[in-house]
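Asker: Take this structure, written in C-alpha cells, and hold onto it; I'll ask about it next.
The values are calculated or read from the model by the stated rules, or taken from the named source; none is laboratory data. Just so you know, these numbers come straight off a predicted model, no measurement behind them. Note that each Cβ is placed from the backbone with ideal geometry, even for glycine, and that neighbours are counted across all protein chains shown. The accessibility values were calculated without ligands, DNA or RNA, using every heavy atom of the protein model including side chains. Shrake-Rupley method; radii C 1.70, N 1.55, O 1.52, S 1.80 Å.
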Amino acid sequence: DAENCRDWEPGIPIDNSKIRNKDEAYWKEYNGTPKAYINLAAGQQLWNNRFGNVTSIRYPTGELTNLTAQLRAQLDPASLGLFFVAVREQALAASGNSMDFGSLFIGFSFFLIIAALLLTAMLFVFNVEQRSEQVGLLRAIGFPPKLVRRTLLGEGMLLALVGAILGVAAGVVYTKLTLHGLNSVWGGAVGSMKLEYFANPMTLLVGFGASLEIALLAMWLVVRNQGRQSASALLAGRSNDAPVGAAKWRGWIGLVIGLVMLVGSLAMLAMAGKQQGHAAAETFFTAGMCLLIAGIGFSQRMLVGLTRTAKLAASIGAVGLRNAARRRGRSLTTISVLAGGVFLVVAVNAFRHDLKATGTQRESGTGGFALWAQSSLPVYEDLNQKPGRDTYNLSAKSMEDVAIVPLRLREGDEASCLNLNRAQQPRVWGVVAAELAKRQAFTFTAGDGWEALDRVEADGAIPCVADKQTLDWALRLKLGDTVAYQDDNGQEVKLRIVGAVAPSILQGGLMVAEKNFVKHFPMSSGYRVFLVDAPRERVEAVQQTLARGMEDKGLELLPTWQRLADFMAVENTYLAIFQVLGGLGLLLGSIGLGIVVLRNVLERRGELALLQAVGYRKPMLRWLILSEHWLLIILGLIVGVVTAILAVLPAWRAPGTEVPVSGIVLIVCGLAVGGLLWSWLAARAALRGSLLGGLRNE
C-alpha cells in the first residue's frame with residue numbers, strides 16, 4: 001500500500017504473494033506500460049520518499065531541439081551519484097600533511113641531551129682536576145691563561161669530534177632499529193604502512209654540529225672556571241668548586257632560580273585552571289618542568305647550607321651528610337641527571353592505562369559499551385525489538401538485558417591514529433544523540449554535549465562531534481572549524497565541530513545527528529555500526545549469538561576495550577620508544593652517580609686511611625661513604641617524581657584512568673637500590689687492600 005511504499009528501504013523483502021497471475025501476464029505483454037494515470041501531485045503525496053518525488057520526465061517531441069545540450073549544462077553528475085575525485089591531489093595533500101613526530105622526539109629527548117651535556121661537563125671536570133698541577137706549573141712558568149685554556153679545549157675538541165661522529169652513527173643505527181621495530185613487533189602503530197629509512201644529509205650535519213658545539217660549550221665553562229684559580233692553588237692540587245674570591249651571593253643563585261621557577265609554575269597552574277583539553281595538558285607539563293628546575297635550584301641552596309653549618313656533627317652519618325656538599329658541582333650534576341631521567345620515565349609511564357579495568361565506566365573511552373560491531377551490509381531492522389531480533393534468530397533469552405545503539409555509516413578516510421597521513425574526507429556516523437545523552441556515554445572535553453548535534457546553525461552548517469585524538473592529530477582542527485563534504489545530492493555541505501569527546505572507540509570519524517545524515521547522505525541506507533550494551537558476565541555469549549545470527553550481514557564484533565587498545569597501541573608504541581630514551585637518561589644518571597662516588601672515594605683514600613689508622617673500622621667507613629651519597633639519590637628521586645606527577649596530572653585525573661602506581665613505585669625503588677649499590681661498590685673498591693700508600697700521601 002502507499003503507506004508501506006513511502007517508508008520502504010532497499011533490503012526489505014517484497015511480499016510476492018500479492019502479485020496475481022493477471023499482473024504477471026500484463027507485465028509479460030506490456031512490460032512497464034502504466035495501467036492507470038493519476039494526478040502528479042497525488043502521486044507525489046502517495047509515494048514521495050527521501051530519494052525524491054519523481055522517477056521520470058517526459059518531453060513533447062517539439063521540445064527536443066537542443067534538449068541534450070541544455071540538460072548537460074544544467075545537470076550536475078554528482079546529483080546522480082557520479083563523483084570525480086582528484087586521487088593524486090588528495091594523496092599528495094594527505095602525505096604532505098602527515099604527522100611529524102620529529103618535534104615530539106626532540107622534546108622527549110631534551111632530558112637525555114641535558115643529561116649527556118652534564119655528564120660531559122663532569123667528566124671533563126675530572127680530567128681537568130686530575131691535571132691541575134700540570135696546569136699550575138704551566139701558569140707558573142709564564143704560559144698565559146688563555147693559551148692554557150686553548151690547549152685544554154683543543155684536547156677536548158678532538159675527543160668531542162670523535163664522540164660527535166660516533167653519536168651520528170649511533171643515531172642512524174637507533175633510527176633503523178626503531179623503524180625495524182615499527183615494521184615488525186610494533187606494527188600496530190603504523191597499520192599496514194611500511195616505513196623506510198631516509199636520511200637527509202643536512203639533518204645529520206646539523207646534529208653533528210649541534211652536538212659538537214654543546215660539548216665544547218660545556219668544556220669551555222669548565223676551563224673558564226679553572227682559569228680563575230690561582231697558580232699556587234693549582235700546584236698544590238687544591239681545585240675547588242668555588243674558586244678563590246668567589247662572591248658569597250653565588251650561594252643564593254639556586255634559591256633565586258628556585259623561587260622564580262616556583263612562581264612560574266604556580267602561574268602556569270592558575271592559567272591551566274581556565275583551560276581545557278590539550279591546552280591544559282601542555283600547561284601542566286610546562287608547570288612540571290618549571291617545578292623541576294625549581295627543585296634543582298632548591299637542592300643547590302640546600303647543599304650550600306650544609307657546607308656553612310657551624311654545628312658539630314653528632315654521628316658519622318651526619319658527617320657523611322655534610323660531605324655530600326663538599327663538591328657541590330658534582331653533587332648538583334648527579335641530582336639533575338637523576339631528576340631529569342626520573343621525570344621522563346615517570347611521566348611516560350603515567351600515560352599507560354588499564355583499559356580492561358576502566359572499560360565498564362560510562363565516562364571512559366568505551367562509553368560503558370561492551371561490544372563494537374560493524375557490518376558489511378546495511379541492517380534495516382530494529383535489533384532492540386522482537387521482530388528485528390526474530391529476523392536474525394536472536395532469541396529473547398540470549399539477548400536478555402542487551403541494548404543496541406545503531407549508527408549509520410558513510411565510508412571515508414581513516415581519521416584515527418592508525419593513519420599517519422592526514423585524512424581528507426573522514427568517515428561520517430549518523431547517531432541518535434538522545435540515546436547517547438541518556439546513557440551519559442563518553443566524556444566531552446569541549447562543547448555542550450550530545451544535545452549540540454540537534455541544534456540548527458545560522459549558516460546551514462551541520463553540527464558534528466569528533467574524538468579529541470581525531471581532531472588534534474588526524475584532522476588538526478579545533479572547536480568551530482568546518483570540514484567540507486559533497487553530499488549524495490551533489491551539494492556541498494559543511495560539518496562544523498561543536499564538541500570533542502575524550503579519546504575513545506569513536507576515534508576515526510565525525511558524528512552527526514541521524515536526521516542530518518539521512519537528509520544529506522541518503523545513499524548510505526540502513527545501519528552498519530552498533531554499540532552493544534551487554535551484562536559483563538555474558539559478553540562472550542552475546543558476541544557469539546550476534547556473530548552467528550548476523551553472519552549473512554558480514555557482522556564483525558570486537559570488545560570495546562580491545563578496539564580502544566588497538567588505537568592506544570600507537571600511543572603505547574611511542575611511549576615505549578620514549579621510555580627507552582628515558583632509560584638511557586637514567587643510565588647516564590646511574591653512570592654519573594657511579595663515577596662521582598668512585599671519584600670522590602679515590603680522591604680521599606688518604607683521608608680514609610687516616611680515619612682507619614685512628615680507629616675507624618672499614619664497615620664504619622663504608623657507612624660514611626653511603627651516607628654521603630644517599631642524599632643525592634633521594635633528592636634526585638623526589639624532585640623527579642613530584643614534578644612528573646604534576647606534569648601528567650590532567651592525564652591521571654581524566655575519567656576512566658587507572659594510575660599505574662605500582663609500576664612507578666617499582667621504578668623509583670629500583671633506582672634507589674641501584675644508586676645505593678653504586679655507592680656500596682665504590683666504597684668496597686676504595687677500601688680494598690692496604691691504605692698505607694694513601695696514609696703516606698696524607
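Asker: Out of G188, G154, G142, report the one residue that is over 29 Å from G340 (Cα atoms), modelled with pLDDT under 80 and either open to solvent by 50 Å² or more (accessible area, probe 1.4 Å) or assigned to a helix (DSSP H, G or I) (or both).
Answerer: G188
Here is a yes/no grid of residues against (1) in a strand (DSSP E or B); (2) over 17 Å from E363 (Cβ atoms); (3) open to solvent by less than 10 Å² (accessible area, probe 1.4 Å):
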| residue | (1), (2), (3) |
| --- | --- |
| V428 | yes, yes, yes |
| T445 | yes, no, no |
| A466 | yes, yes, yes |
| D472 | no, yes, no |
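Asker: Which numbered condition trips up D533, out of (1) over 15 Å from W372 (Cα atoms); (2) in contact with a Phe, Trp or Tyr (Cβ under 8 Å, 6 or more places away or on another chain); (3) not β-branched (V, I, T)?
Answerer: (1)
Asker: Just a yes or no: is a residue in segment 165-172 modelled with pLDDT under 85, open to solvent by less than 70 Å² (accessible area, probe 1.4 Å) and under 20 Å from L123 (Cβ atoms)?
Answerer: no
Asker: Under 9 Å between Cβ atoms, which residue pairs at least 6 apart in sequence (or on different chains) link something in segment 457-486 that is modelled with pLDDT under 85 with a partner that is surrounded by fewer than 17 Cβ atoms within 10 Å (Cβ to Cβ) and assigned to a strand (DSSP E or B)?
Answerer: So the pair list comes out as Q486/E492.
Asker: Any residue in segment 504-518 that is surrounded by fewer than 21 Cβ atoms within 10 Å (Cβ to Cβ), over 17 Å from T470 (Cβ atoms) and either modelled with pLDDT under 90 or of a type in the set (A, V, I, L, M) (or both)?
Answerer: Yes; the residues of segment 504-518 include at least one that is surrounded by fewer than 21 Cβ atoms within 10 Å (Cβ to Cβ), over 17 Å from T470 (Cβ atoms) and either modelled with pLDDT under 90 or of a type in the set (A, V, I, L, M) (or both).
Asker: Can you find a residue that is under 21 Å from the mean Cα position of the chain (by Cα) and at pLDDT 75 or above anywhere in segment 293-307?
Answerer: No, segment 293-307 contains no residue that is under 21 Å from the mean Cα position of the chain (by Cα) and at pLDDT 75 or above.
Asker: Hey, can you tell me all the residues within segment 485-502 that are more than 14 Å from G447 (Cα to Cα) and open to solvent by less than 50 Å² (accessible area, probe 1.4 Å)?
Answerer: Y485, D487, D488, G490, V493, L495
Asker: Being outside any strand (DSSP E or B) and of a type in the set (S, T, N, Q) is the filter here, so list the residues in segment 481-503 that pass it.
Answerer: N489, Q491
Asker: Looking at L557, L575, which is the one that is under 30 Å from Y392 (Cα atoms) and in contact with a helix residue (DSSP H, G or I) (Cβ under 8 Å, 6 or more places away or on another chain)?
Answerer: L557
Asker: Only one of these conditions is not met by R599: (1) in contact (Cβ under 8 Å) with a residue 40 or more places away in the chain; (2) under 30 Å from E363 (Cα atoms); (3) part of a helix (DSSP H, G or I). Which number is it?
Answerer: Every condition holds for R599 apart from (2).
Asker: Can you confirm whether L394 is aliphatic (A, V, I, L, M), touching a Ser or Thr at 6+ places or on another chain (Cβ under 9 Å), open to solvent by less than 50 Å² (accessible area, probe 1.4 Å) and in contact (Cβ under 8 Å) with a residue 24 or more places away in the chain?
Answerer: Yes: the conditions hold for L394.
Asker: Is it the case that F126 is closer than 19 Å to L235 by Cα, touching a residue at least 40 places away in the same chain (Cβ under 8 Å) and not basic (K, R)?
Answerer: Criteria met by F126.
Asker: Here's another thing I want to ask about it. Does A403 fit the bill of being without any contact (Cβ under 8 Å) to a residue 24 or more places away in the chain and open to solvent by 10 Å² or more (accessible area, probe 1.4 Å)?
Answerer: Against the criterion (without any contact (Cβ under 8 Å) to a residue 24 or more places away in the chain and open to solvent by 10 Å² or more (accessible area, probe 1.4 Å)), A403 does not qualify.
Asker: Given the criteria at pLDDT 75 or above and in contact with a helix residue (DSSP H, G or I) (Cβ under 9 Å, 6 or more places away or on another chain), does L631 qualify?
Answerer: Yes, satisfied.
Asker: Now, a different point. Go through the residues of segment 575-590 one by one and say whether even a single one is surrounded by fewer than 18 Cβ atoms within 10 Å (Cβ to Cβ), within 30 Å of R326 (Cβ to Cβ) and of a type outside the set (D, E).
Answerer: Within segment 575-590, one or more residues are surrounded by fewer than 18 Cβ atoms within 10 Å (Cβ to Cβ), within 30 Å of R326 (Cβ to Cβ) and of a type outside the set (D, E).
Asker: Quick check, is L371 at pLDDT 80 or above, touching a Phe, Trp or Tyr at 6+ places or on another chain (Cβ under 9 Å) and over 29 Å from A644 (Cα atoms)?
Answerer: Yes; evaluated as a whole, the condition is true for this residue.
Asker: Moving on to the next point. From L477, L531, L546, L558, grab the single residue that is under 27 Å from the mean Cα position of the chain (by Cα) and open to solvent by less than 10 Å² (accessible area, probe 1.4 Å).
Answerer: From the options L477, L531, L546, L558, the qualifying one is L531.
Asker: Among (1) at pLDDT 80 or above; (2) open to solvent by 60 Å² or more (accessible area, probe 1.4 Å); (3) outside any helix (DSSP H, G or I), which single condition is L161 missing?
Answerer: Condition (3) is where L161 drops out.
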